[in-house]
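The values are calculated or read from the model by the stated rules, or taken from the named source; none is laboratory data. Predicted model, so just to flag it, every value in this text is computed and none were measured. Backbone-built Cβ (ideal geometry, glycine too); neighbour counts: all protein chains shown.
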Amino acid sequence: MTLTTRLKLTLSQVVKPVYGGIGHILMFHRVTPVPPVRVKGQSRLEVTPQRLEEIIHFFQTRNYDFISLDELHTRLINPSGSGGKNRKFVAFTFDDGYVDNLLYAYPLFKRHNVPFAIYVAASFPQREAVLWWYLLDDLILANDLLTFDFFDGPLILETRSDEQKIQAARILRARLKFTSKQQYPTLLDAIFTKHGIDLLAKTEQLTLSWEQIQQLSSDPLVTIGSHSLHHFPLKILSEEDAREEIMASKSLLEQKVGKPVEHFAYPYGEHREAGLREFELARQSGYKTAVTTRFANLFPGHAGHLEALPRFDAPALSDQDWVLAINGLLPLRHNRFKRIVTE
Ligand SMILES: [Zn+2]
């Protein structure tokens, strides 16, 4: 261990009583033994089953309570209530609704008797939403030159070297993510259909079907939450459309799983995609909790901000980062000493 590492660990012990909080929510996406080949330089969405198990062990050895989102809600609103008052807790969550959550994550959680939640973007099992982030990687990796005929003019991208592929992915991702809802279908057509790519191929291959979601939901260890309908960044939508994404996904999921869906995850979940308006909409829509990707630990004060709970992006944390994160040193720096990020 280097001196810097040792210093950081010591410092994290010092800030832990103030910044370590009472618990943590972890965000995952996919669990797969063989992660797909992707364009370099972007945030990782995949962990191996082995890595997931290491993370479970990490919290087991630290004597954590593994809790569901309902239990997390209860502990936040009623801190003096039953059970585990002085024990720290951790909640595992998965975004989007990938089929590997059933194939690889579920058996692991079952073996360890650990509850977890899957936030489903309801248009994936409807086979209506496009999993463009994986389609885009395949398109860029398979080509050395790409030309697009966009409504605002043509775009030609060289995609030969790694650097060019990274740059092309950056440009096209920004377009796909932040285009208006009205122009979105035209954009999908120009980027994918025109290049012979079936828009729903990845949705069918990689995401859970309704039947599989029902199977998972029937196990008390699993919480099915909502991740909107179409996985748009809600902040760029009209208020009416954002409300529809938040509310209609809830009722569709409830209808399919036959039980209340009371937890929500904002698509993407950073400042550019979810803010005060979205927090208010989630609250009005009757969710008990809603999670962002704000990088922080949980504190008793989050009882007043149940629609803006923070999460750690688990695959992004190295072995050393885990301790620095849960002790609060990394979040402290990230949030400039604020413990609760409400904006
Ligand atoms: Zn997502």
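At-a-glance table
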item	result
The stretch 249-270 - residue that is under 14 Å from the mean Cα position of the chain (by Cα) and surrounded by fewer than 19 Cβ atoms within 10 Å (Cβ to Cβ) and, of those, farthest from Pro125 (Cα to Cα)	Glu270
Some residue of the stretch 213-230 being at pLDDT 95 or above and either in the same structural domain as Asp138 (by TED's automatic domain parsing) or among the basic types (Lys, Arg) (or both)	no
Pick from the stretch 195-248, criterion more than 26 Å from Phe148 (Cβ to Cβ) and among the charged types (D, E, K, R), ranking: nearest to the chain's Cα centre (by Cα)	Glu245
Residue within the stretch 248-267 that is within 20 Å of Leu188 (Cβ to Cβ), touching a helix residue (DSSP H, G or I) at 6+ places or on another chain (Cβ under 7 Å) and in the same structural domain as Thr32 (by TED's automatic domain parsing) present	yes
Residue count, the stretch 211-248 (criterion: among the small types (Gly, Ala, Ser) and away from the ligand (no atom under 12 Å from the Cβ))	5
Meets criteria (within 29 Å of Ser249 (Cβ to Cβ) and either within 16 Å of the ligand (Cβ to nearest atom) or surrounded by 13 or more Cβ atoms within 10 Å (Cβ to Cβ) (or both)) for Leu108	yes
Qualifying residue in the stretch 30-41 (condition: touching a Ser or Thr at 6+ places or on another chain (Cβ under 9 Å) and within 22 Å of Thr292 (Cα to Cα))	yes
Check on Phe312, more than 23 Å from Phe124 (Cβ to Cβ), of a type in the set (Phe, Trp, Tyr) and in contact with a Pro (Cβ under 8 Å, 6 or more places away or on another chain)	no
